[in-house]
Amino acid sequence: MGIRFCKDGHLILIVIEDSEEITAWKMKKQRQLSKKKKALKERIKAATKIQAWWRGTLVRRTLLHAALRAWVIQCWWRMTLDRQLQKKWRAALITYAHAERAVVKLQSLVRMWRVHWRYCQVLNAIYIIQCHWQCHNCQTCALLRGHCVVTATHLQFHIEIINP
């Protein structure tokens, strides 16, 4: 559209319409608008991809932290169970050692008592022999010679009568 003034001061309005130009101009505007919409959609799609990646990263990081915490707790629990098991083993070993020590002590006392009892029997036998020998009057005076052997299980005593 164009406006012109004449020499005599009249206004002349000249309207020229070209439908092809208007249509081309509208099409150009629509293309620009569709390009902007397309670019906006692509930017939104790219932003959505970035947001999804970031959310995934946060979720993976959270899961990793949770897994690490669970692993630490499991290690602590295994160590605690191992300590308890070692305490039980140690207590069982100490109980076993006390029982064995008591058995050995008891066996030693019984062996000592048996040796003492056997020694007392032999001593009584010697006293009896000496008493009978002193009371016995014989023509030849004989001598007594004794020999004692102590072993781990018993006591041996040998007495010999020697005639001069």
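Some points to look at:
- Calculated Rg and Dmax of region 21-107 using C-alpha coordinates, Å: 37.1, 126
- Rotationally averaged projected area of region 39-78 (alpha carbon convex hull; nm²): 2.1 nm²
- The lysines within cross-link reach of residue 41, meaning a Cα-to-Cα straight distance under 23 Å and a gap of 8 or more places when in the same chain, are 26, 28, 29, 49.
Just so you know, all these numbers are worked out from the coordinates, no wet-lab data involved. Predicted model, so just to flag it, every value in this text is computed and none were measured.
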